[in-house]
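Notes follow the structure.
The values are calculated or read from the model by the stated rules, or taken from the named source; none is laboratory data. Keep in mind it's a predicted model, so treat the numbers as computed, not measured. With ideal geometry, Cβ positions are generated from the backbone for all residues, glycine too; neighbour counts draw on all protein chains shown. The protein model used for the area step is the full one, side chains on, heavy atoms only, and it has no ligands, DNA or RNA in it. Shrake-Rupley method; radii C 1.70, N 1.55, O 1.52, S 1.80 Å.
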Amino acid sequence: MSAWRRARLVRRQEQSRTGRTLLFDVPQWPGHLAGQHVDVRLSADDGYQAIRSYSLAAPTEGDGIELGVQTVPGGEVSPYLARDLPVGADVEVRGPLGGWFVWRPEQRESVLLVAGGCGIVPLMAMIRAHRLERSTAPMRLVYSVRDPAQVWYRDELAGGAAGATVPRIVYTRRAPPGSSRPPGHISAHDLQTPEEAGASPALCFVCGPTGFVEHAAEVLTGIGHDPSRIRTERFG
Ligand SMILES: Cc1cc2nc3c(=O)[nH]c(=O)nc-3n(C[C@H](O)[C@H](O)[C@H](O)COP(=O)(O)OP(=O)(O)OC[C@H]3O[C@@H](n4cnc5c(N)ncnc54)[C@H](O)[C@@H]3O)c2cc1C
């Protein structure tokens, strides 16, 4: 297991009413792959410690790492990180962790990214790595949120970050005015374009709350994806 390192908060950015991205400086950060995560450790003066996992939101860039934290009401760690940790303060991080839920730039196969809520975080790292490496591998994002105010990385996604493909945003509770799709859970129609029917199935990365991940994986297998090619990460 890798050692704990000091991580200093250098910037916090609002992504939604309850979601923030946090940029930390971690001296001598060893680098990481898109999709990996870190453990974050908070220590109180009385010695009490709390550890939680957070995904890395961007490819390696020097000693900076970006995390995305969604406040869980009543949660011990997420409200503190998202709202209260002062810029300039330190936490500890351990990682990078995880070797299965990763996308490597040398991968040439089609990729389907399926995010629920803050499950966008590790998938955003894949989208950014894909763009940075000028990968020509097809990569498509389907992103499920409750309503338009919950969309993280709005401008970056609108700018065509996911290769040449415009991300499909699926609203579960309230869609923007004029939307042709009524609000509802992600469906086969959302996960498969007409052009993809019959094509060799993509490698799928699905991330979000457990209920979302299980539903999305079931829909994917229902439209012919091989379960062994569906990689999942559950946030809680
Ligand atoms: C590999 C991995 C990567 C993760 N990456 C991210 C990430 O990028 N961004 C992020 O915001 N979170 C991420 N998480 C979830 C994160 O580790 C914490 O579980 C989350 O922030 C809640 O911690 P907490 O201390 O605030 O809540 P806790 O005090 O641990 O829990 C409070 C209550 O909320 C429930 N709960 C816990 N987590 C969730 C949840 N995610 N949704 C709904 N209810 C919950 C608990 O069952 C409990 O009842 C990741 C988890 C894993 C395992």
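A few comments on the model shown:
- Within region 203-236, the set of residues being assigned to a loop (DSSP other than H, G, I, E, B) and either in contact with an Asp or Glu (Cβ under 7 Å, 6 or more places away or on another chain) or surrounded by fewer than 19 Cβ atoms within 10 Å (Cβ to Cβ) (or both) comprises Pro209, Ile223, Gly224, Asp226, Gly236.
- If the condition is being more than 10 Å from the ligand (Cβ to nearest atom) and either more than 19 Å from Ser228 (Cα to Cα) or open to solvent by 10 Å² or more (accessible area, probe 1.4 Å) (or both), then region 96-108 contributes Pro96, Gly99, Trp100, Arg104, Pro105, Glu106, Gln107, Arg108.
- Applying the set (1) assigned to a loop (DSSP other than H, G, I, E, B); (2) within 18 Å of Arg17 (Cα to Cα); (3) polar (S, T, N, Q) to Thr136 leaves exactly one unmet item: (2).
- For region 12-53, filtering for residues that are open to solvent by 50 Å² or more (accessible area, probe 1.4 Å) and among the aliphatic types (A, V, I, L, M) leaves 2.
- Residue in region 143-163 that is surrounded by fewer than 17 Cβ atoms within 10 Å (Cβ to Cβ), modelled with pLDDT of 95 or more and within 14 Å of the ligand (Cβ to nearest atom) present: yes
- Cβ-Cβ under 6 Å pairs, at least 6 apart or on other chains, region 56-72 side open to solvent by less than 10 Å² (accessible area, probe 1.4 Å), far side away from the ligand (no atom under 12 Å from the Cβ): Leu56/His32; Ile65/Phe24; Ile65/Val26
- All conditions in (1) within 16 Å of the ligand (Cβ to nearest atom); (2) farther than 30 Å from Ala44 by Cα hold for Val111, with the sole exception of (1).
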